[in-house]
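Below you'll find the structure, written out as structure tokens, and then a few comments.
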Amino acid sequence: AIKIITGIGEPLINKIISYNALQNLFYEFFVSPLKAGSYSMPKTLEEFKVFDYNWFCGVANHSHEISVADFDILRTAGDLTIIDVRESDEEPKVKDFSYHQIPLSTFDNALPTINPNGVIVIFCKSGKRSLIAANKMLQAYPDCQVYSLAGGVEAWLARLETPHHSSQRFQYHDHH
């Protein structure tokens, strides 16, 4: 980067240099550049400012999580679809509320059958797979109101052992 900025020396554009310290040897590899238009990186400062790096890098968006306390409130509040994305043989089984079993391994195929209206809460064992599923729902249905249960079913079951406090209240939006 310094060579490119200052304009001195020979920068390693489309090259990789590897150093073998055992034999004191340098190796130079040439890398073919991507064709223009084959990637979607921002080309201007304006594009850079609005570029969604979390989406581009596949990073989950944690703003779509719901706390255990808020989930318990929401379960009693109204139109709610609950989806378990664990495999059908995973423990512990949940018997305190009804839900749809759609394992993450088949979630993409099941997406067209999921009603995006109302509020959807997705859970798994620890909250990681449910975040992936929630992001898939948002990609398929950008206006849907979907949440991943933070901490998953483990956190929900642990609520019996600790008093539940919610540091951040979710906002229920009625799209009707």
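Bridgeable aspartates and glutamates around Lys125 (alpha carbons under 18 Å apart, same-chain partners fewer than 8 residues away excluded): Glu65, Asp70, Asp72, Asp84, Glu87, Asp89, Glu90, Glu91, Asp96, Glu154, Glu161. Pop the C-beta distance of Tyr141 and Ile5 into the FRET formula with R0 = 30 Å and round what comes out to the nearest 0.05. E(calc), rounded to 0.05, equals 0.10. Between Ser98 and Ala77, the modelled labels are 2.1 nm apart [label points 7 Å from Cα along Cα→Cβ]. For the set Ile2, Ile73, Ile120, solvent exposure ranked by accessible area (probe 1.4 Å, protein chains only) runs largest to smallest as Ile2, Ile73, Ile120.
A simple count of charges around Glu91, restricted to other residues whose Cβ falls under 14 Å of its Cβ and scoring Lys, Arg +1 and Asp, Glu -1, yields -1. Of the peptides 93-102, 133-142, the ranking by mean beta-carbon count within 10 Å, highest at the top, reads 133-142, 93-102.
Annotation: amide H of Val121 within the under-5 Å range of Thr81, Ile82, Ile83, Tyr147, sequence separation 5 or more or interchain, hydrogens built in the peptide plane.
The values are calculated or read from the model by the stated rules, or taken from the named source; none is laboratory data. Given the structure is predicted, the values throughout are model-derived calculations rather than measurements. Backbone-built Cβ (ideal geometry, glycine too); neighbour counts: all protein chains shown. Remember, those area values only see protein heavy atoms, side chains included, never the ligands or the DNA or RNA. Shrake-Rupley method; radii C 1.70, N 1.55, O 1.52, S 1.80 Å.
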